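The values are calculated or read from the model by the stated rules, or taken from the named source; none is laboratory data. Since the model is a prediction, treat every value here as computed from it, not as a measurement. Note that we place each Cβ from the backbone using ideal geometry, even for glycine, and neighbour counts take in every protein chain shown. Keep in mind that these areas ignore ligands, DNA and RNA; they rest on the heavy atoms of the full protein, side chains included. Shrake-Rupley method; radii C 1.70, N 1.55, O 1.52, S 1.80 Å.
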Amino acid sequence: MMKAIDLKMLRDLWHLRGQAITTALVVACGVATFVAMRSTYDSLLASRDGYYAQFKFADIFASLKSAPESVRSRIAAIEGVTAVETRVVATVTIDLPDVREPVQGRVVSVSETDPNPLNGLYLQRGRALEPGHENEVVISGAFADANGLRPGDHLSAVLNGRLRRLFIAGIALSPEFIYEIRPGDIFPDNRRFGILWMNRKAAGSLFQLDNAFNDVVLTLGPSAVEADVIQRLDSILEPYGGFGAYTRTDQYSHRFVSNELAELQVFGTFIPAVFLGVTAFLLHLVLSRLVNVEREQIGLLKSFGYRDRDVGLHYLKLAVLAVAGGIVIGIGLGAWLGTGMAALYGQYFHFPVLDYSVSLKVIAYSVLISIGAASAGAVLAVFKAVSLPPAEAMRPETPPNFHAGFLETAGFRELLSARSRMVVRNIIRRPLKAFLSSLGISLSVALLFIGFYFFDAIYRIIDIQFGQIQREDVEVTFVEPRSGLSVYDLASLPGVIRVEPYRVVPAILRSGNRSRRVGISGASNDNELRRIIDRDFRRVNLPPEGIVLGKTIADSLGAKKGDKISVEVTEGSRPKKEVVISDIADELLGMGVYMELSALNRLMNEQSTVSGAFLSIESDKKDAVYKRLKTTPAVAGVAMPESTLTSFNETMARTIGTSTTFLIGFACIIAFGVVYNGARIALAERGRELASLRVLGYRQDEVGRLLLEEQAILTSFAIPLGFAIGLGICVIITRVVDAEIIRLPIVFSVRTFLFSGLIVAAAAILSGLLVARRIGHMDLIAVLKTRE
Amino acid sequence: MPQSDNEHRPMTSRDDAVFKVRGVSKVYRMGDVDVHALRSVDLDLYRGELVVLLGASGSGKSTLLNIIGGLDVPTEGTVIYQDHVLTTANDAELTRFRREHVGFVFQFYNLIPSLTAIENVRLITEISEDPMPAEKSLEMVGLADRKDHFPAQLSGGEQQRVAIARAIAKQPDVLLCDEPTGALDVKTGKLVLEAIKHINTELGTTTAVITHNAAIAAMADRVIHIGSGEIVSIEKNEVRADPADLVW
Ligand SMILES: Nc1ncnc2c1ncn2[C@@H]1O[C@H](COP(=O)(O)OP(=O)(O)O)[C@@H](O)[C@H]1O
Ligand SMILES: [Mg+2]
């Protein structure tokens, strides 16, 4: 038979079910976000690491102009290197009939001899490349899906100046391209960028690299020192036009995946913490009230010999039991959400298998931390119950000590009706409780604020990146740097309005003992299509001499304006020079390094030379120009900002929309939980007072207003507080997000303020009304009879 | 009536004193004012006797009873229960003392509203070493048929009788009742007092009843008059009146 004291607990819980349920829902949100994010994190990490291990993802990467195959053995001899794969990698233009713009492809060669090469391919469909087959490719899965390409289809591409028809043998994934994105972009555009894997021999002969390579990847043994290997590798490759070796940290796909994992980890800690904090607060509210109501019962239990720990445990159990249902719901909801999140990630991160599972460890943690939060919330109330002296507990509590508040003494007394005075004094009487209530509500405002902030940030990014910076219709990249005169060839194409040439030079910047691999962009100050714009929409002008660094690069080099840095170019005659930093640009993507075009040409000891150009084209001539570009041999690649934007709007926007929807739902639960509990407790505490007013002839709605005014005041304090908290957290988030990918702009729209405030206000009103309805059911006689 | 009243008349030998209260004072500090609730009280309670503590409201009765019951500690003086010195006991020891030896009945019944009558009794039997069955104690107060009612479904007198059943279920050595009839009308009050007397004779439990109602004093072996925190006089009744015959 159940113990009488436990029966009491269960019945207390039943009596408090409204409050218990709202609290449990908040716990459920906390547990759900924790389980979803943690398990997604674990699953992504395990999938990635498993993928890397099984398909031998390289540790070190390097590109170069060209080196004979014999160099390979020297690379393999570097201490710590366990495997070497030399490759041919090239950028090509693909002509897909269904895509009016030229499509950029990246050819990556695959060894014909090694059955288990580095960065191995996971074949999804079709067959692998067959040795000896020349015009045959395996294409990347995301690219195939976006364009509806199937094994057996053909595609045309300009390979090293020659138009070829290529047979698609199969469709595959590679650990090198989990995040399949054009280098330099932030958002994927799988319709207009894809990977083509080709036999090493075929690629070699197409790109005049027979028995030679222009790309090499290595794996390292456990004891290898990355920096040493990179140094050795760079010195081996230098005579062959090495562009500088780098580690996984700088590998494009890996960096995106890792950054996403890091963010998941941060959010997976921070968001559940908010919920569990609110849970603790709600339980504190409910239990403190309960202990107050039950002080005589506690005294009685003690007078009959129940020990302090029996009494303490009694209320602790109640707290834990109140959240237990929430934990169970939260785990289920979290697993469901996690499945969805993993599926969303699966759209951007291409894994052979993304095994989503919720580990026992995650479940155990979620149970432990929610019980921890419940106990933390219960501790003060339990302590109060335990320390009530039994004799004291039998006496009714002395009436609370009210006093006139600041507003009243400051001369506002006449302005406040007797009713308003009741409300104000109630808040002032327990300032800490009022503050915590406001804080709880404000957290839900903050949560919404953060959700809407992401929209603001993304729209600002789009506005700056696509509205202000990338204003060209098309960016054309040449296979080789060409004479500045080639601008005229482009300008002469019918429909081309404006041509702005640019130069990109790969280089290593050194400052002290720090170094970075960068691309130095040379541009003209007269440019109107592609400009350098900082986060505040200010145009950055390039000085006639000197170099301008993006903020992230400058920070990572520890360099500031006016410093001299060493520039080692890894192209052409590979000049090494000291250059003065003439400015730091506070850009969105802080990785830019800029020089005035002619200054860069001088640095390179070259005549007017360009790497490509930005074009604007008459809108009705675009198709014709694209068509020409698709088959122009000198053109290695073509990029259209507009199409990137379209693809972004189709995919990323939906993802952010989904997660924001959940955030809104969760925030509403918090707002609802806090206001509902606050109003319920106010009703319980002041039931007699309110019933007396009813007896004295107040109408139900008047009494209801009295009850809700307090909550309304707390909510109106909470909203600006929530803005402040949300703003602070957004600033923290912008610091956490990898600045090398994107520096999130700190920008908040009116809509963000309006929506986060209004949604919480609506949730508060709804829960308030729900409680106010109870006033109608109030049994006046019974309320007046109860002794308190 | 199986036994005559006289067999349970307490013997007045000093050795039979269950409680020895010596020089007990209690001062409440209220800001700058000291409230002397008890002033150097000496008192013995004997095995099996029924005493009534009589005094005006605010005279210190509850304070004294709470100290005897181990609910409170005096500012000065000693209280000895058999071989336990209560005044030097710590909180855990006092708790054990209450748990093992004392049954309390309060003016406002103090039943747990979320538990039925029998569950309220079980609340106590579950932590006692040698309790009587909960049903039996309800029977002793004449409420066996109400055992599954919640407090809200019982009248005041019935609630108080449940409280008595709850206090005696553990077979305490001493039963302390603070104004058990204070909230009740005459008729119900008598029922409650009868239940108390019944326990006292049936089980031989040393019983102290607090009241400000002089009429009730007639049912006691001894009447202790308290005024302004001091014992004014102690009066012995040669014959105990039956509660049913009391008038007030
Ligand atoms: N906790 C307390 N704090 C201050 N004064 C108290 C407290 N408890 C009792 N008193 C005072 O001590 C005196 C005796 O109280 P009490 O023993 O309750 O009297 P009685 O039970 O005879 O009515 C009263 O004046 C009362 O106000
Ligand atoms: Mg009293």
Meets criteria (of a type outside the set (Val, Ile, Thr) and crowded, with 22+ Cβ neighbours inside 10 Å) for A:Gly141: yes
Some residue of segment A:311-333 being open to solvent by less than 40 Å² (accessible area, probe 1.4 Å), under 17 Å from B:Ala92 (Cβ atoms), of a type outside the set (Ser, Thr, Tyr) and assigned to a helix (DSSP H, G or I): yes
Which helices (runs of 4 or more DSSP H) sit wholly inside segment A:357-429 and have at least 3 residues that are at pLDDT below 90, within 30 Å of A:Ala32 (Cβ to Cβ) and in the same structural domain as A:Val26 (by TED's automatic domain parsing)? A:360-387
For segment A:51-141, which fully contained strands (runs of 3 or more DSSP E) count at least 2 residues that are within 16 Å of A:Asn199 (Cβ to Cβ)? A:81-87, A:89-95, A:103-110, A:122-126, A:136-140
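Yes/no per residue for (1) farther than 24 Å from B:Gly204 by Cα; (2) without any contact (Cβ under 8 Å) to a residue 40 or more places away in the chain; (3) within 9 Å of ligand 1 (Cβ to nearest atom):
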{"residue": "B:Val33", "(1), (2), (3)": "yes, yes, no"}
{"residue": "B:Leu38", "(1), (2), (3)": "yes, no, yes"}
{"residue": "B:Tyr46", "(1), (2), (3)": "no, no, no"}
{"residue": "B:Ile68", "(1), (2), (3)": "no, no, no"}
{"residue": "B:Glu76", "(1), (2), (3)": "yes, no, no"}
Among A:Leu155, A:Leu123, which is open to solvent by less than 50 Å² (accessible area, probe 1.4 Å) and either in the same structural domain as A:Val217 (by TED's automatic domain parsing) or within 25 Å of A:Glu642 (Cβ to Cβ) (or both)? A:Leu155
Determine the pairs where a residue that is at positive phi and free of Cβ contacts under 8 Å to residues at least 60 places away in the same chain, located within segment A:512-524, has a partner that is crowded, with 20+ Cβ neighbours inside 10 Å and small (Gly, Ala, Ser) with Cβ atoms under 9 Å apart, the partner being 6 or more residues away or on another chain. A:Gly512/A:Ala559
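So which residues in segment A:298-308 are among the basic types (Lys, Arg) and either open to solvent by less than 10 Å² (accessible area, probe 1.4 Å) or more than 10 Å from chain B (Cβ to nearest Cβ) (or both), if there are any at all?
The answer is A:Lys302, and nothing else.
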Tell me, please, whether a residue that is open to solvent by 30 Å² or more (accessible area, probe 1.4 Å) and not in a helix (DSSP H, G or I) can be found in segment A:12-22. no
Quick one: would you say B:Lys26 is more than 16 Å from ligand 1 (Cβ to nearest atom), surrounded by 14 or more Cβ atoms within 10 Å (Cβ to Cβ) and either at pLDDT 95 or above or assigned to a strand (DSSP E or B) (or both)? no
Kindly indicate the residue of segment A:96-117 that is open to solvent by less than 60 Å² (accessible area, probe 1.4 Å) and out of contact with any helix residue (DSSP H, G or I) (no Cβ under 9 Å at 6 or more places or on another chain) and also nearest to A:Phe61 (Cα to Cα) among those meeting that condition. A:Pro117
If you scan segment B:29-43, which residues turn out to be away from ligand 2 (no atom under 12 Å from the Cβ) and surrounded by 18 or more Cβ atoms within 10 Å (Cβ to Cβ)? B:Leu38, B:Val41, B:Leu43
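Of all residues in segment B:174-194, which are within 14 Å of another protein chain (Cβ to nearest Cβ) and either part of a strand (DSSP E or B) or away from ligand 2 (no atom under 16 Å from the Cβ) (or both)?
Hits for segment B:174-194 are B:Val174, B:Leu175, B:Leu176, B:Cys177, B:Asp178.
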Flag for A:Leu721 being open to solvent by 30 Å² or more (accessible area, probe 1.4 Å) and in contact (Cβ under 8 Å) with a residue 24 or more places away in the chain: yes
Please enumerate the residues belonging to segment B:83-118 that are under 22 Å from B:Val192 (Cα atoms), open to solvent by 20 Å² or more (accessible area, probe 1.4 Å) and at pLDDT 85 or above. B:His101
Say whether the condition of being assigned to a helix (DSSP H, G or I), open to solvent by less than 10 Å² (accessible area, probe 1.4 Å) and not aliphatic (A, V, I, L, M) is met by at least one residue in segment A:283-297. no
Of these, A:Ala245, A:Ala227, A:Ala280, which one is at pLDDT 90 or above and either crowded, with 18+ Cβ neighbours inside 10 Å or in contact with a His (Cβ under 7 Å, 6 or more places away or on another chain) (or both)? A:Ala245
Pick from A:Ile553, A:Ile508, A:Ile520, A:Ile581: which is part of a helix (DSSP H, G or I), in contact with a strand residue (DSSP E or B) (Cβ under 7 Å, 6 or more places away or on another chain) and of a type in the set (A, V, I, L, M, F, W, C)? A:Ile553
Restricting segment A:584-634 to residues that are of a type in the set (Asp, Glu) and not in a loop (DSSP other than H, G, I, E, B), the residue that is most open to solvent (accessible area, probe 1.4 Å): A:Asp620
